[in-house]
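Quick notes on the structure that follows.
The values are calculated or read from the model by the stated rules, or taken from the named source; none is laboratory data. These numbers come from a predicted model, not from an experiment. Cβ placement follows ideal geometry from the backbone for every residue including glycine, while neighbour counts extend to all protein chains displayed. What goes into the accessible areas is simple: the full protein's heavy atoms, side chains included, and nothing from ligands, DNA or RNA. Shrake-Rupley method; radii C 1.70, N 1.55, O 1.52, S 1.80 Å.
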Amino acid sequence: MSTPSITFSRRSFIRTSSLASGGLLIGFNLFTACKPTVTPPVDISQLNFNDFNAFIKIADNGAVTIFAPNPEIGQGVKTSMPMLIAEELDVAWDNVYVQQGDLDTNNYTRQLAGGSQSIRFGWEPLRQTGATARQMLVNAAALKWGVDPSECTTLEGVITNASGDTFGYGDVVKEAALLEVPENVTLKAPKDFKIIGSDAKNVDLEKIITGKPLFGLDYKVDGMVYAAVLRPPAFGKVLESYDATEAKAMPGVIDIIKIGEKAKELTKEENSNWTVAMSTSDKVVVIAKTTWEALKAKEAIKANWVTETPLESTQDQDQKLLALLDGNKFNTLRKDGDIKKAFAQAEMVLERTYESPFLPHNCMEPMNFFANITDEKIHLVGPVQTPEFAANAVAGMLGRDVNEVHLEMTRMGGGFGRRLYGDFVYEVAEIADAIRKPVKVIFSREDDMTAGTYRPAIKYRIKAAVKDGKLTAYHLKEAAANGNMYGLIPNFFPAGAVENYQVDVANYKSNITTGAWRAPYTNFLAFAEQSFFDELAETMGVDRIQLRLDLLQKVKGTTDKRIEYSPERMENIIKVAVEKSGWGKKESGTYQGFAAYYCHNTHVAEVADVIIENGMPVVKKVTCVVDCGIVVNPLGAKNQIEGGIIDGIGHAMYGDLVFEDGTPQSQNYNNYRLIRMMEVPEIETHLIQNDLSPTGLGEPTLPPAGAAVANALKAATGNRFTQQPFSKFPEMMQAKSAPKTIIG
Amino acid sequence: MPLYTITVNGKLKNVEVSKDTPLLWVLRDHLELVGTKFGCGIAQCGACTVHLEGNAVRSCSLTMDAVDGKSITTIEGLSENGTHPVQEAWKELDVPQCGYCQAGQIMTASAFLDKNPKPSEAEIKAAMHGNICRCAAYTRIFKAVELAATKIS
Ligand code: FES
Ligand code: FES
């Protein structure tokens with residue numbers, strides 16, 4: 001497995017200062033610290049503390065506060081990242097206070113929204129930061145004692161020298177603030193970790209369960225007004241004219257304006273970036289005193305829309321994607337050997353097509369953002385995962401200097417990829433620039449679901465050749481609206497395991513905005529491939545687990561540097577999953593399905609248990625084995641793992657956004673189904689213990705879940721689900737032929 | 001615009017809004033109680049759940065006209081310091097992921113346990129089925145309701 005090497009110089013992102021109130025403040029830049037490579041600021045001495053976004057404060061009574069600005073989408077990074085600092089600082093976690101600036105503070109700019117990758121990128125830099133702070137305190141104590149720092153040890157905030165004298169951290173903060181930042185520090189060996197690997201509760205827990213303002217939707221300043229935006233009713237339509245007479249007379253309405261001019265600036269190359277994914281139509285905006293009045297008046301606007309580009313329906317999309325799979329307009333992402341020859345010589349060929357719909361993200365907190373724009377300053381506040389992009393694009397679209405932009409991030413009511421895209425930031429910036437009042441744009445659920453950046457509809461066709469009982473060729477073809485797979489994904493399993501292997505992708509340009517969605521690029525791929533391996537094993541008449549294990553043997557010791565997964569780790573999770581799930585040993589009436597997958601640098605195996613209740617199959621339990629390296633916070637990790645699995649099952653079963661003439665046919669939860677309590681299986685999680693660097697957790701358990709369930713449903717009903725969502729095929733939930741045997 | 005008087009978390013509140021205004025937006029925009037969340041606006045997700053005379057209701061779909069003179073409890077008023085048994089259970093099991101749905105989950109669970117302090121597994125699942133958690137923290141939500149029940153009885 002290849003991991004990018006992390007290179008940086010500590011001095012480029014750490015500075016210290018003594019506090020007027022007594023104590024030591026260590027400032028560092030989390031945004032910089034968590035990138036794999038770092039460009040040091042031009043002249044560090046010119047940086048002042050406002051340029052840092054993260055701080056460790058050690059008061060003269062020894063109390064430690066970690067100011068963690070990294071906002072929370074729900075993946076627990078606001079808890080786990082400070083744990084890395086506290087570990088190396090060598091303080092007791094119970095005595096560490098993690099604080100995020102109140103929503104109105106000025107001190108938290110340019111933050112990095114945490115995702116699966118945060119821990120991986122933060123792993124070394126954050127521990128280095130903690131270790132550097134610890135070393136400075138030790139150096140200060142050694143100086144006071146007149147001994148060599150190497151003679152001193154630390155334990156939970158206390159420094160001890162060889163003669164047994166002690167100083168608390170607080171006793172030496174004044175002196176430490178005057179010292180040079182040490183160049184080299186030693187990190188703890190994993191066996192010495194005390195905080196990393198122990199259960200820590202969500203640092204915002206208390207606030208969440210008592211209803212304190214935390215989210216973008218909760219943010220408010222004096223004189224703030226609310227904006228509801230009328231967007232095109234269909235992808236492909238643009239605004240022609242509108243009549244707002246009735247809406248304007250409604251209670252609470254302050255003004256009705258049109259936006260879109262400034263947004264057009266975003267299509268210019270110098271202002272644009274990948275987070276700009278939005279309709280280029282003009283939009284009508286209601287400005288009102290309250291949310292309800294704004295949303296209600298929006299309904300009263302009479303708008304005329306004209307069709308500018310073709311209006312897509314799900315049926316045409318399906319045809320286009322199938323035509324792409326049948327055609328020859330592919331981009332080859334990886335090619336080993338000669339699949340053509342292998343197929344010609346095959347004794348058996350298996351080919352299957354797997355199909356998935358568009359999916360909205362449906363973050364529980366609908367999109368929203370705040371802006372206040374004056375001649376001096378552009379103040380932006382809210383939930384967005386790509387603050388740097390948003391700040392730059394807003395400056396560009398308004399023709400302002402990016403230094404005038406001040407962007408604060410709030411806790412996010414879910415992300416799942418949706419808040420990577422800044423459409424709502426660009427909308428509110430244009431509105432605020434026009435009305436020059438503090439204003440918040442608010443999406444209703446209908447707005448949120450129908451103006452999305454969806455997971456595109458994707459279809460896979462997989463073809464395998466078998467000769468002499470061996471898999472000799474594997475050909476994966478993808479067709480997706482606006483494209484999907486890219487980068488390293490073609491090097492995931494079974495790349496390297498099959499001599500003749502090819503991955504081809506094709507797409508057509510859709511006017512429907514698409515983008516990343518939880519476990520981007522593999523969320524449906526894993527379903528297709530892991531279902532296919534099951535079908536392949538059945539067709540070959542071999543054991544489905546053994547088939548996978550045999551393939552992995554071929555990858556061991558590979559010299560192919562492109563191979564992304566580790567065959568040893570994959571083999572291990574498969575074996576543990578077999579053992580822990582009681583694979584093949586279940587009493588009759590339980591049907592099991594297996595899937596194992598690698599993505600986001602994490603290896604996961606899942607076994608779904610399905611039983612028949614009142615004649616219908618029910619997913620009763622999922623046993624999950626995860627190898628994500630060192631688990632920083634097992635309590636938080638298990639929450640993520642469970643959420644990913646249930647989310648994966650839910651979307652495989654029910655998720656479906658159908659289009660008719662460019663219009664999404666679901667707008668709210670009355671006609672879009674999300675998984676709910678009664679459909680949730682029991683989940684048993686096993687974390688592999690090792691000393692390897694931590695990898696992503698928020699995403700990798702989602703992709704294999706749908707396949708594990710589909711494979712179990714095949715065992716239970718005899719029917720093979722190749723299309724998502726399964727709920728579209730209720731007749732397949734009934735047994736085709738009463739299944740007699742249990743898989744395994 | 002008509003004047004309404006409601007009791008929120010034990011305090012009398014007067015608000016002047018149009019009669020179709022949902023209680024949710026009065027709480028959030030007029031009374032600055034933002035713990036109650038907006039998720040769907042059509043009584044489908046449970047994010048906006050509050051107690052009306054002790055019963056769990058969807059505040060997004062209750063107009064001010066319908067609640068005039070009534071007594072409402074929101075997440076901010078469920079307990080003094082987050083010490084309601086349901087909140088305690090939520091803390092003990094570290095339930096939230098993004099946290100956005102959790103006030104609604106807690107309000108549903110607390111009203112339910114009030115009426116059914118010794119629920120069966122199936123009763124808990126049915127009671128919580130109306131509350132969506134997009135992060136799918138369902139397994140912990142379920143366990144926390146079970147745990148809260150043991151704290152109550
Ligand atoms: S916001 Fe009221 S039920 Fe969804
Ligand atoms: S915790 Fe995120 S929606 Fe429930």
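Within segment A:242-279, report the GluC sites (Glu not before Pro) that DSSP leaves as loop and that have at most 11 other Cβ atoms within 10 Å.
A:E269, A:E270
For A:K620, which sequence-distant residues (separation of 5 or more, or a different chain) have an amide H within less than 5 Å of its own amide H, given hydrogens modelled in the peptide plane?
Residues meeting the amide H criterion: A:D609, A:V610, A:I611.
Can you tell me the relative contact order of segment B:85-152? Whole percent, Cα pairs under 8 Å, sequence separation 6 or more.
53 percent
Checking the cross-link filter: which lysines have an alpha carbon closer than 22 Å to that of A:K174, excluding same-chain neighbours under 8 positions apart?
A:K57, A:K144
If you keep only loop residues by DSSP, which chymotrypsin sites (Phe, Trp or Tyr not before Pro) in segment A:434-505 have at most 16 other Cβ atoms within 10 Å of their Cβ?
A:Y486
Would you mind checking the radius of gyration and Dmax of segment A:618-738 based on alpha-carbon positions, in Å?
16.7, 53
Just checking the output field for A:618-629: average partner chain Cβ neighbours within 10 Å of each residue's Cβ?
Numbers: counts 0, 0, 0, 0, 0, 0, 0, 0, 0, 0, 0, 0.
Shielding by partners across A:618-629 averages 0.
Could you give the alpha-carbon Rg of segment A:495-628 over 2.2 N^0.38 Å, rounded to two decimals?
In units of the 2.2 N^0.38 Å rule of thumb, it is 1.19.
Give, as a single signed number, the net charge of other residues whose beta carbon lies under 15 Å from the beta carbon of B:M1, with Lys and Arg counted +1 and Asp and Glu -1.
Residues near B:M1 contribute -3 overall.
Check each residue of segment A:169-205 and keep those whose accessible area, probe 1.4 Å, is at least 10 Å² smaller with all protein chains in place than in the chain alone; give them in order of residue number.
Buried-area filter returns A:K201, A:N202, A:L205.
Which of the three applies to segment A:419-538, rounded, prolate or oblate, going by the alpha-carbon gyration tensor with a ≥ b ≥ c and a/c under 1.5 meaning rounded?
Prolate, since a/c reaches 1.5 and a/b exceeds b/c.
If packing is taken as the average number of other Cβ atoms within 10 Å across a peptide's residues, how do A:636-644, A:289-297, B:26-34 rank, most packed first?
Top of the packing list down: A:636-644, A:289-297, B:26-34.
Ignoring ligands, DNA and RNA, what percent of the 1.4 Å accessible area of segment A:518-743 is carbon and sulfur?
On segment A:518-743, the fraction of accessible area on carbon and sulfur atoms equals 49 percent.
Could you work out the mean projected area of the convex hull around the alpha carbons of the protein assembly as shown, in square nanometres to one decimal?
Here the figure is 38.6 nm², rounded to one decimal.
Could you list the square roots of 5 times each eigenvalue of the Cα gyration tensor of segment A:518-743, that is, the equivalent ellipsoid semi-axes, sorted largest first and rounded to whole Å? Don't skip to the answer; put the middle values down first.
Values: eigenvalues 148, 97, 60 Å².
Computed over segment A:518-743, the values are 27, 22, 17 Å.
Please label the shape of segment A:223-328 as rounded, prolate or oblate, based on the square roots a ≥ b ≥ c of the eigenvalues of the alpha-carbon gyration tensor (a/c under 1.5 means rounded; beyond that, a/b larger than b/c means prolate, else oblate).
Prolate, since a/c reaches 1.5 and a/b exceeds b/c.
Under 23 Å from the Cα of B:K115, which lysines turn up, not counting those fewer than eight places away in the same chain?
B:K70, B:K91, B:K125, B:K143, B:K151
From the phi angles alone, apply the Karplus equation (6.51, -1.76, 1.60; θ = phi - 60°) to segment A:454-461 and give each ³J(HN,Hα) in whole Hz, x where the residue is Gly or Pro.
6, 5, x, 5, 9, 10, 10, 10
If I ignore ligands, DNA and RNA and count only protein heavy atoms, how much of A:H361 is accessible to a 1.4 Å probe, in Å² to the nearest 10?
Approximately 10 Å² for this residue.
With solvent modelled as a 1.4 Å probe, how much accessible area in total do chains A and B shield from it at their shared surface, in Å² to the nearest 100?
4800 Å²
When Cβ neighbours within 10 Å are restricted to other protein chains, what is their mean count per residue of peptide A:639-645?
For this peptide, the per-residue mean of nearby foreign Cβ atoms is 5.
Can you count the Lys pairs in segment A:508-587 whose Cα atoms are under 26 Å apart, with each pair 8 or more apart or on different chains?
Within segment A:508-587, the lysine pair count is 7.
Kirkwood hydrodynamic radius, computed over distinct alpha-carbon pairs, for chain B: how many Å, to one decimal?
Taking every pair of different Cα atoms in chain B, averaging 1/r and inverting gives 15.5 Å.
Leaving out ligands, DNA and RNA, and with a 1.4 Å probe, what % of the accessible surface on segment B:3-78 is carbon or sulfur?
Of the solvent-accessible surface of segment B:3-78, carbon and sulfur hold 45 percent.
Out of the trypsin sites (Lys or Arg not before Pro) in segment A:385-440, which ones are loop residues according to DSSP with at most 12 other C-beta atoms within 10 Å?
Taking segment A:385-440 and a limit of 12 other Cβ atoms within 10 Å, the loop trypsin sites (Lys or Arg not before Pro) found are A:R436.
From the Cα gyration tensor of segment A:311-389, with a ≥ b ≥ c the square roots of its eigenvalues, which class applies: rounded if a/c is under 1.5, or else prolate if a/b is larger than b/c, or else oblate?
On the way: a/c = 3.59, a/b = 2.55, b/c = 1.41.
Prolate, since a/c reaches 1.5 and a/b exceeds b/c.
Kindly state, to the nearest 0.05, the FRET efficiency for A:K509 paired with A:D326, given R0 = 30 Å and r defined as their beta-carbon distance.
Result of the calculation: an efficiency of 0.95.
Tabulate in residue order the Karplus-calculated ³J(HN,Hα) for segment A:156-165, using 6.51 cos²θ - 1.76 cosθ + 1.60 with θ = phi - 60°, rounded to whole Hz; enter x for Gly and Pro.
In residue order, the calculated couplings are 6, x, 10, 9, 10, 9, 4, 8, x, 6 Hz.
Work out the mean other chain Cβ neighbour count within 10 Å for the residues of B:39-48 and drop it here as an integer.
6
If you count only protein heavy atoms with a 1.4 Å probe, what accessible area per residue comes out for segment B:3-78, rounded to a whole Å²?
Counting only protein heavy atoms, the per-residue value for segment B:3-78 is 36 Å².
Segment A:654-682: which residues show an accessible-area loss of 20 Å² or more, assembly versus chain alone, 1.4 Å probe?
Flagged in segment A:654-682: A:N668, A:Y669, A:N670, A:L674, A:I675, A:R676, A:M677, A:M678, A:V680.
Count the net charge of all other residues whose Cβ sits under 10 Å from the Cβ of A:A297, scoring Lys and Arg as +1 and Asp and Glu as -1.
So the surrounding residues net to 0.
Need one value: the accessible area of A:D560 in square angstrom, 1.4 angstrom probe, rounded to the nearest 10.
40 Å²
What do you get for Rg/Rh over segment A:496-548 if you use C-alpha atoms and the Kirkwood form of Rh?
1.10
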